[in-house]
Amino acid sequence: MNHPAIAAALLLATTAVAPAVAQRPAPPVPARVDPAVARLRDAALEDTLAYDIVEGLTTEIGQRLAATEAEARARTWAVARLKALGFRNVRIETFRMPVWLRGEERAEVISPFPQKLQLVALGNSGATPAEGLTAPVTVFRTYGDLANAPAGSLKGRIAYVGNAMEPTQDGSSYGSNGAARFVGPALAASKGALAVVIRSIGTDAHRNPHTGGTNWPPGVQPIPAAALSVSDALLLERMADRGKPITLHLTLTPRFAGEGESGNVIAEVPGTDPRAGIVLIGGHLDSWDLGTGAIDDGAGVAITTAAAKRLLDGPRPRRTIRVVWFGAEEPGGYGGIDYARVHGRERHATAQESDFGADRVWRFEVNLPDSAKAVADRLQSALAPLGISRGAGIGGDGTDVGPTIALGVGSVDLNQSGLRYFDTHHTPDDTLERIDPAQLRQNVAAWTAMLAVVANASEDIGNVTPRK
Ligand code: ZN
Ligand code: ZN
């Protein structure tokens with residue numbers, strides 16, 4: 001029996017005769033889609049309300065910098081609009097926060113090749129003297145290079161921090177490259193820098209700089225911090241490649257203007273079963289001040305409101321759907337923190353937000369308790385006709401709903417394509433023209449289907465372990 005030919009034949013026989021087919025599990029039977037859900041979803045593909053909201057908000061209000069008079073006007077606009085649409089319990093919940101206002105922003109290369117550069121201050125930037133400051137530049141191609149710079153080595157200098165951000169469908173390159181903006185300025189300050197300029201956290205190569213918030217840990221004095229357009233950043237890097245010292249004159253005069261008022265605008269579709277928990281949805285009403293806040297995040301409040309309106313106009317859902325137009329997301333997520341402070345003890349079934357532009361939803365991911373596993377299966381069937389697949393990751397993300405999710409609330413994340421988002425994110429080009437109405441409608445259909453499934457689910461949707 002030890003004959004090698006027989007052994008080989010037996011081996012062949014076992015591998016060949018026990019075909020792989022026998023081991024392949026039968027494909028799962030897709031969950032049935034409730035015809036009422038399908039009808040709501042398909043009707044939403046003809047939606048005009050979302051576009052109407054974002055068109056109105058950008059035209060009649062425009063930029064909505066947090067805790068300014070413009071953001072307050074936007075809240076008044078939102079209340080009138082939500083009441084006119086028939087939402088219930090429409091109200092504003094205000095909170096206080098520090099106010100930051102943009103000033104002048106100019107930069108020019110003094111040497112070796114004198115010319116002006118295009119840049120904008122980052123949110124929470126400190127200021128230069130009114131006449132500006134002139135200093136030599138140390139060029140770091142990446143945030144990692146800045147992190148490796150010795151302590152004290154940037155004394156009296158302007159730090160430049162580059163990045164190599166590429167577009168990604170899931171937006172992951174924002175997290176990996178964004179450190180240069182989120183924490184780069186504070187790190188440069190800790191090494192003695194007078195000021196910092198970064199390459200915009202963006203994926204275009206145009207001359208529009210991308211603003212965005214930067215964080216100063218307690219005790220760190222803000223220094224002037226700005227973003228060069230990607231084109232200007234590459235220009236500066238080419239100058240550095242020539243090996244000559246670079247001197248920059250920089251004028252940034254933003255200011256902190258004490259405490260001001262912001263607020264969340266809340267509206268509801270009342271459910272029939274208060275014990276089943278709230279389905280929390282929304283986006284943020286505030287925007288940066290360069291564009292008109294169309295993709296960030298007029299689209300998000302418009303998509304979620306238009307979807308909720310479709311449930312409002314039908315039979316009452318089991319769960320209350322609460323739509324929140326959060327205030328002051330951009331400078332530090334103040335609205336989401338305040339919402340969790342005020343409402344964190346109320347029972348929520350799930351919490352999810354739309355804050356990634358207006359392009360199509362391509363994937364969904366959930367964090368649901370075991371008792372609600374079948375809900376995710378029904379979502380998969382209901383969303384598939386929109387070209388949305390189920391991701392293997394754990395959903396539950398976002399600056400506005402994050403503080404509520406952290407309390408153990410489940411989530412259904414509808415992930416939008418990020419391939420175009422960072423071309424115009426936080427730039428003067430965040431305008432209505434960036435919105436593709438067909439993709440916006442697909443978003444409304446996805447959110448409508450999600451709400452129809454989740455708000456009406458007969459299962460118990462209790463607490464979950466928050467995603468780490
Ligand atoms: Zn946003
Ligand atoms: Zn933003």
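Take the residues of the stretch 383-410 that are part of a loop (DSSP other than H, G, I, E, B) and open to solvent by 20 Å² or more (accessible area, probe 1.4 Å): which is farthest from ligand 2 (Cβ to nearest atom)? If you could, list the steps in order and put the result at the bottom.
Of the residues in the stretch 383-410, the ones part of a loop (DSSP other than H, G, I, E, B) are 387-388, 395-401, 406-409.
After this cut, where a residue has to be open to solvent by 20 Å² or more (accessible area, probe 1.4 Å) as well, the list is 387, 397-399, 406-407.
Numbers: G387: 26, D397: 14, G398: 11, T399: 9, A406: 20, L407: 24 Å.
Only one residue fits best here, namely G387.
How about the stretch 418-455: which of its residues are crowded, with 24+ Cβ neighbours inside 10 Å and among the charged types (D, E, K, R)?
Hit for the stretch 418-455 is D430, nothing else.
Only residues that are within 23 Å of the chain's Cα centre (by Cα) and part of a loop (DSSP other than H, G, I, E, B): list them for the stretch 182-199, please.
Selection gives V183 alone.
Condition first: of a type in the set (V, I, T), in contact with a Lys or Arg (Cβ under 8 Å, 6 or more places away or on another chain) and away from ligand 1 (no atom under 16 Å from the Cβ). Now tell me which residues in the stretch 188-225 satisfy that.
I198
A quick yes/no check of all residues on (1) within 16 Å of ligand 1 (Cβ to nearest atom); (2) in the same structural domain as L432 (by TED's automatic domain parsing); (3) surrounded by 24 or more Cβ atoms within 10 Å (Cβ to Cβ):
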site: P245; (1), (2), (3): no, no, no
site: L252; (1), (2), (3): no, no, yes
site: V265; (1), (2), (3): yes, yes, yes
site: L290; (1), (2), (3): yes, yes, no
site: G293; (1), (2), (3): yes, yes, yes
site: V301; (1), (2), (3): yes, yes, yes
site: A308; (1), (2), (3): no, yes, yes
site: A328; (1), (2), (3): yes, yes, yes
site: G333; (1), (2), (3): yes, yes, no
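Mind checking whether some residue in the stretch 383-397 is within 16 Å of ligand 1 (Cβ to nearest atom), under 27 Å from A164 (Cα atoms) and touching a residue at least 12 places away in the same chain (Cβ under 8 Å)?
So far as the stretch 383-397 goes, yes, one or more of its residues are within 16 Å of ligand 1 (Cβ to nearest atom), under 27 Å from A164 (Cα atoms) and touching a residue at least 12 places away in the same chain (Cβ under 8 Å).
Quick one: would you say V444 is more than 16 Å from A302 (Cα to Cα), more than 16 Å from ligand 2 (Cβ to nearest atom), over 15 Å from the mean Cα position of the chain (by Cα) and not in a loop (DSSP other than H, G, I, E, B)?
On the way: more than 16 Å from A302 (Cα to Cα): no; more than 16 Å from ligand 2 (Cβ to nearest atom): yes; over 15 Å from the mean Cα position of the chain (by Cα): yes; not in a loop (DSSP other than H, G, I, E, B): yes.
Answer is no for this residue.
Filter the stretch 356-374 for residues that are over 18 Å from W447 (Cβ atoms) and either free of Cβ contacts under 8 Å to residues at least 40 places away in the same chain or not in a helix (DSSP H, G or I) (or both) and give the result.
P369, D370, K373
Does D338 fit the bill of being more than 24 Å from A457 (Cα to Cα), open to solvent by less than 20 Å² (accessible area, probe 1.4 Å), at pLDDT 95 or above and more than 16 Å from ligand 2 (Cβ to nearest atom)?
Criteria met by D338.
Restricting to the stretch 371-401, give me the number of residues that are modelled with pLDDT of 95 or more and among the acidic types (D, E).
Residues in the stretch 371-401 being modelled with pLDDT of 95 or more and among the acidic types (D, E): 2 in total.
Could you give me the residue pairs with C-beta distances under 9 Å whose first residue belongs to the stretch 174-202 and is assigned by TED's automatic domain parsing to the domain that holds P217 and at positive phi, whose second residue is open to solvent by 20 Å² or more (accessible area, probe 1.4 Å) and outside any helix (DSSP H, G or I) wherever it lies, and which are 6+ apart or on separate chains?
Listed pairs, sorted by first residue: G192/A151; G192/G152; G192/S153; G192/K155; G192/G156; G192/R157.
When D377 is evaluated against the numbered criteria (1) acidic (D, E); (2) outside any helix (DSSP H, G or I); (3) more than 16 Å from ligand 1 (Cβ to nearest atom), which criterion, by number, is the only one it fails?
So the condition that D377 fails would be (2).
Given the conditions (1) modelled with pLDDT under 95; (2) open to solvent by less than 20 Å² (accessible area, probe 1.4 Å), and given that P466 satisfies all but one, which numbered condition is not satisfied?
That leaves (2) as the condition not met.
Can you tell me how many residues within the stretch 188-207 are at pLDDT 95 or above, open to solvent by 40 Å² or more (accessible area, probe 1.4 Å) and of a type in the set (A, V, I, L, M, F, W, C)?
Residues meeting the conditions: 1.
Within the stretch 311-326, take every residue that is buried (at least 23 other Cβ atoms within 10 Å of the Cβ) and basic (K, R) and give me the one that is farthest from ligand 2 (Cβ to nearest atom).
R319
Could you tell me which of the residues I337, I295 is closer than 25 Å to R181 by Cβ, in contact with a Lys or Arg (Cβ under 7 Å, 6 or more places away or on another chain) and part of a helix (DSSP H, G or I)?
I295
Across the stretch 278-288, what is the total count of residues that are away from ligand 2 (no atom under 15 Å from the Cβ) and surrounded by 24 or more Cβ atoms within 10 Å (Cβ to Cβ)? Give the derivation first.
Let us first name the residues in the stretch 278-288 that are away from ligand 2 (no atom under 15 Å from the Cβ), namely 278-281.
Still in the running and surrounded by 24 or more Cβ atoms within 10 Å (Cβ to Cβ): 279-281.
Qualifying residue count for the region: 3.
Does any residue in the stretch 36-54 that is farther than 18 Å from I295 by Cα come within less than 6 Å, Cβ to Cβ, of a residue that is open to solvent by 50 Å² or more (accessible area, probe 1.4 Å) six or more places away or on a different chain, and which pairs are these?
Listed pairs, sorted by first residue: L40/R310; A44/R310; L45/R441.
Pull out all pairs, ordered by first then second residue, where Cβ-Cβ is under 6 Å, the residues are six or more apart or on different chains, the first lies in the stretch 278-297 and is within 13 Å of I61 (Cα to Cα), and the second is near ligand 2 (Cβ under 10 Å from one of its atoms) and modelled with pLDDT under 95.
Final answer for the pair search is none.
From the list T128, T76, pick out the single residue that is buried (at least 22 other Cβ atoms within 10 Å of the Cβ), farther than 27 Å from L414 by Cα and polar (S, T, N, Q). Spell out the reasoning first.
Numbers: T76 fails: buried (at least 22 other Cβ atoms within 10 Å of the Cβ).
Residue meeting the stated conditions: T128.
Quick check: is even one residue across the stretch 362-382 within 16 Å of ligand 2 (Cβ to nearest atom) and not assigned by TED's automatic domain parsing to the domain that holds G212?
Within the stretch 362-382, the first condition is being within 16 Å of ligand 2 (Cβ to nearest atom), and the residues that meet it are none.
Checked the stretch 362-382: no residue is within 16 Å of ligand 2 (Cβ to nearest atom) and not assigned by TED's automatic domain parsing to the domain that holds G212.
The values are calculated or read from the model by the stated rules, or taken from the named source; none is laboratory data. Nothing here was measured: the structure is a model prediction, and the numbers come from that model. Note: ideal-geometry Cβ built from the backbone for every residue, glycine included; neighbour counts use all protein chains shown. Protein only, heavy atoms only, side chains kept; ligands, DNA and RNA dropped before computing areas. Shrake-Rupley method; radii C 1.70, N 1.55, O 1.52, S 1.80 Å.
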